[in-house]
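Participant: I have a structure I would like to understand better, so I am pasting it below and will then ask my questions one at a time.
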Amino acid sequence: MSSLIIQNAFQAFASYDPGRISAVLTEDAEWLSPPGNAVAVASGTTHHMIGREAITRFFAESFPRLFAREVDVTFHGIHGDSERGLAEATLTATLADGSPYNNDYCFVLEFRNGLVHRVREYADTARGHRMLFGEIPRQPLAGPR
């Protein structure tokens, strides 16, 4: 059951269609991603979206401005039950500037009544930053004092 909920949800998110996106989320859904992640920074959004309306607006308006075309989510594994699921995936897309995006993710989802209630997103944040902004300046390691 969780596999079908997850696949339907990600198809809805990739559709950019507000009606489809809204239909897979609970009213009080939450989406939590790493603070300062490149997608949130580049799209000017928060890393913690609260509510169906905020998440729908992100995937229908902000996401397509950044990921302009050829968005594909390839699942490497989906595991779970009727209350919780885990999805390992790779997101590929063409960015608005024409450059490619390719990053690995792990999503932990909680369901309520067959809908997505909460998503905790984990990603390679350094790789995402490089894809969106270029190389990250290296910070010197603190040496002995």
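Participant: Ignoring any ligand, DNA or RNA, what whole percent of the accessible area of the chain comes from carbon and sulfur when the probe is 1.4 angstrom? Spell out each step's value before the answer.
Facilitator: Values: 4160 of 8060 Å².
Carbon and sulfur together cover 52 percent of it.
Participant: Moving to a separate point now. Could you check the simple spin-label distance between Thr90 and Ala68, using points 7 Å along Cα→Cβ, in nm with one decimal?
Facilitator: 2.3 nm
Participant: Can you tell me the Rg and the Dmax, both Å, for the Cα atoms in the range 47-120?
Facilitator: Answer for the range 47-120, Rg first and Dmax second: 13.7, 40 Å.
Participant: So with the 1.4 Å probe, I'd like the accessible area per residue for the chain, rounded to whole Å². It would help to have the intermediate numbers written out before the result.
Facilitator: Values: 8060 Å² over 145 residues.
So the chain comes to 56 Å² accessible per residue, rounded to a whole number.
Participant: For the chain, what does the helix formula give at 222 nm: sum of -39500 (n - 2.57) over DSSP H segments with n ≥ 4, over the residue count, nearest 500 deg cm²/dmol? Present the calculation step by step, with values, prior to reporting the outcome.
Facilitator: Values: 6 runs with 45 residues, N = 145.
Rounded to the nearest 500, it is -8000 deg cm²/dmol.
Participant: Still on this structure: With no solvent and one equal point scatterer per Cα, compute the Debye intensity ratio I(q)/I(0) for the chain at 0.15 Å⁻¹ and report its log10, rounded to two decimals.
Facilitator: -0.73
The values are calculated or read from the model by the stated rules, or taken from the named source; none is laboratory data. All values reported here derive from a predicted model rather than from experimental measurement. Every residue, glycine among them, receives a Cβ derived from its backbone with ideal geometry; neighbour counts consider all protein chains shown. For the accessible areas, the whole protein counts, side chains as well, though only heavy atoms, and no ligand, DNA or RNA atoms are used. Shrake-Rupley method; radii C 1.70, N 1.55, O 1.52, S 1.80 Å.
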